[in-house]
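Engineer: Take a look at the following structure, please.
What follows draws every value from the coordinates through simple rules; no lab data is involved. The model shown is predicted, which means the values in this text are computed figures rather than measured ones. Please note: Cβ atoms are built from the backbone with ideal geometry, for glycine as well, and neighbour counts cover all protein chains shown.
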Amino acid sequence: MLKRAVERHPAIVTQAIIHARHVDILGVLRGCGAGSVSIELDMFRPDDAKALHDAGFSIRVNLPRSQALAAYRQGGRDIVSAVVQWIAEGFIDTISGDDVPFLARLVERAGVVGR
């Protein structure tokens, strides 16, 4: 459906939302005519981001509220520090989520890390 929408309205900016880690993510995005991609946090990998950027795609990652991220820490995975690093290194172009102050703090931290 996305490909058909792009063909009918070529000026529209489209973004595919990826809920799985595809073997050929570039092929999927090219096949549906997406202009950018939104990758679920659990599916995000920096090596995929590099390949996507090299192919000209921008990347958005949607983040759950900070309270939900506590489960990652309890499981031994410091995902918040990883997200800050990924932003600082340019792997993530856009972040989104419901907790705007939390997102702003992540971006602020990434600016410090990226200096």
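Engineer: Between ASP54 and ALA104, what is 0.36 nm times their sequence separation minus the Cα-Cα distance? Round to one decimal in nm.
Structural biologist: 15.3 nm
Engineer: Right, here's the next one. Given H placed on each backbone N at 1.01 Å, which residues far from SER58 in sequence or on other chains put an amide H within less than 5 Å of it?
Structural biologist: The list, which skips near neighbours in sequence, is VAL37.
Engineer: Can you give the % of DSSP beta bridges in region 1-103 that are antiparallel, to the nearest 5?
Structural biologist: 0
Engineer: Roughly speaking, what is the stretch gain from ARG4 to ALA82, that is 0.36 nm per residue apart minus the C-alpha to C-alpha distance, in nm to one decimal?
Structural biologist: Here the segment from ARG4 to ALA82 would lengthen by 24.5 nm.
Engineer: Between THR14 and GLN74, how high is the FRET efficiency from 1/(1 + (r/R0)^6) when r is the Cβ-Cβ distance and R₀ = 30 Å? Nearest 0.05.
Structural biologist: 0.25
Engineer: What's the magnitude of the charge dipole for region 6-45 around its Cα centre, counting Lys and Arg as +1 and Asp and Glu as -1 at the beta-carbon? Answer in Debye, nearest 20.
Structural biologist: Result for region 6-45 is approximately 80 debye, rounded to the nearest 20.
Engineer: Using only Cα atoms, locate the centre of region 1-35 and the centre of region 51-73, then give the distance between them in Å, rounded to an integer.
Structural biologist: Spelled out, the Cα-based centre of one part sits 18 Å from the other.
Engineer: How are the alpha carbon pair distances in the chain distributed across 5 Å bins from zero to the largest one, expressed in percent?
Structural biologist: 2, 11, 21, 21, 19, 13, 8, 4, 1, 0
Engineer: Right, something else. If the only charges are +1 at each Lys and Arg Cβ and -1 at each Asp and Glu Cβ, what is the size of the charge dipole of the chain around the Cα centre, to the nearest 20 debye?
Structural biologist: 120
Engineer: What 222 nm value per residue comes from the helices of the chain, counting each DSSP H run with n ≥ 4 as -39,500 (n - 2.57) and dividing by all residues, nearest 500 deg cm²/dmol?
Structural biologist: Using -39500 (n - 2.57) per qualifying helix, the result is -14500 deg cm²/dmol.
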